[in-house]
1. Taking the Cβ-Cβ separation of B:Arg33 and B:Ala224 as r and a Förster radius of 41 Å, what is the calculated FRET efficiency to the nearest 0.05?
2. Got a sec? How would B:Tyr10, B:Tyr126 order by Cβ neighbour count within 10 Å, fewest to most?
3. With just the Cα atoms of region A:83-162, tell me how far they stretch along each of the three principal axes, in Å, largest first.
4. In nm, give the distance between the simple-model label positions of A:Val57 and A:Asn185, each being 7 Å from the Cα along the Cα-to-Cβ direction.
5. Compute the relative contact order of region A:19-216 as a whole-number percentage, counting only Cα pairs closer than 8 Å that sit 6 or more residues apart in sequence.
6. Net charge near B:Ile115: determine it from the other residues with C-beta under 14 Å of the C-beta of B:Ile115, scoring Lys and Arg +1 and Asp and Glu -1.
7. What are the ³J(HN,Hα) couplings of region A:203-217, residue after residue, when phi is run through the Karplus curve with 6.51, -1.76, 1.60 and θ = phi - 60°? Round to Hz, x for glycine and proline.
8. Can you work out the Karplus-derived ³J(HN,Hα) for every residue in region A:127-137? Use 6.51 cos²θ - 1.76 cosθ + 1.60 with θ = phi - 60°, whole Hz, and x for glycine or proline.
Amino acid sequence: MTLYGRGVDNPWLSLDYLRRSGDEVWEHLVIHASLTVQALAIAIAVAFPLAVLARRVPRLAGPILGTAGVLYTVPSLALFALLAPYTGIGRTTVLIGLVIYALLVLVRNMIVGLEGVDPDVVDAARGQGYSRTRLLLTVELPNALPSIVAGLRIAAVTTVALVTVGVVVGYGGLGQLMFRGLQSNYHAQIMTATLLCLALALVMDLAIVLLARWAMPWARSGRRARGRRAAA
Amino acid sequence: MSTVSDAWDYLTTAESWTGANGIFGTNFDGSLRFQRDSIIALTLEHLWMSFAAVTIAAAIALPLGLWLGHLGRGGGVATVISNVSRAMPTLALLTLFAASAIGFGNRAVIIAAAIFAFPPILTNAYTGMSGVDRDVREAAFGQGMTRWQVALRVELPLAVPLLAAGMRTSTTQTVATVPLAALVAGGGLGVIINTGLATQRYGQVLAGGLLVAALCLGIDALMARLERRATPAPLRNRATAAA
């Protein structure tokens, strides 16, 4: 690199930066991770009833997926802009935006997963006198899990990346560091934040995979979980 | 003085559309540039930047995807590329480019947007070509067609629906990415939102959000139409994006 900020050495990677601003980096990393986890938790809690509803009342499946699709097409910056005047600058606005984006992938994969459950299995459970709720929770849900997990993985990775756009409302986690690094032409700050973002996405993805393995002991030997990745 | 009525005022004032100084201006070096205070100019700039990014991406991804798909090799690479690009924050790439030798402004944005436009085109071209029925390919070879003829006259037409789907995904995504340009001193409709936030004019922020959302939904609808038109009628139900 021949680019130096006014004659000063300006490396892209610097341990010196971490030594000096480690606390600040850690703080933003924690904000970033907690925001992602919180958004995913809320998105799952909202998506599941919607998916079940779409499945029970097929007429609603189109409108639910359509609305989620339209919201998904609206760019993040525009969505934050539409929310900011009402929810203010800060965490709430970013959180709502993240939930909305995660919703489409989750709802779609949940519906695909629930629809893919073997009808014979459902019939057998019904024949044994399972109630609707029990059928859903103990038969359909576990069978739909591979597809749901695939959706969750996509949602998690996208959400980690999306948090950074929160800078427009002053709450972008690691994006805040990228943006400040850009304003002060501090290369190490931008690169560190970028690498941490990628690392966080990787860790989240791994955590979900491990969690899924633990939750689905029956799928461990087979390769079913892999083939079920519905289109993103 | 509610936000909504401010947004309405902003959108119904002629000057916010035409700008105080017309649509085009000149840079210091005499080259043409879009004015940053007119919705029309910013929309044109937005579309121009998106078009440039998708064109660059397609110029590389289409031949590469078609070639790899024809050979049926490198599918793993395509998947890895699209997964990494999903994890890479757009803002990270934008700030990295802007801080590097590429510099601030539209060029950095176009390159970054082109990189994000790349994976959907590549994976769809690959899937389209490699997914052609093996029997069809065998039959073409059996009739004495050369490798090139099989690729261009048999596989390519059958891959068109997926190619179109890839172009649609990529274009919609690019038009949605370009608003972030405003954060690194680039142009496009994001400028309205960014300026509004910086000057605490929330009516303008809301108006900008609506404009960007409308543009994206409009482009997506247009591309859906083109995709449908590019797809031969019998293949229409099977055409689903692979990315």
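1. Computed FRET efficiency for B:Arg33 and B:Ala224 comes out at 0.80.
2. Placing the least packed residue first, the sequence is B:Tyr10, B:Tyr126.
3. Taking max minus min along each principal axis of the Cα atoms, region A:83-162 gives 54, 22, 14 Å.
4. For A:Val57 paired with A:Asn185, the spin-label model returns 6.0 nm.
5. For region A:19-216, the relative contact order is 26 percent.
6. So the environment of B:Ile115 carries a net charge of +2.
7. Karplus values, whole Hz, x for Gly and Pro: 5, 4, 4, 4, 4, 5, 4, 5, 4, 5, 4, 5, 7, 10, x.
8. x, 7, x, 5, 6, 4, 5, 5, 4, 4, 7
We did not get these values from a lab; they are worked out from the coordinates using the rules stated. This structure is a prediction, so every number in the text was calculated from the model and none was measured. In this analysis, Cβ positions are derived from the backbone assuming ideal geometry, glycine residues included, and neighbour counts consider all displayed protein chains.
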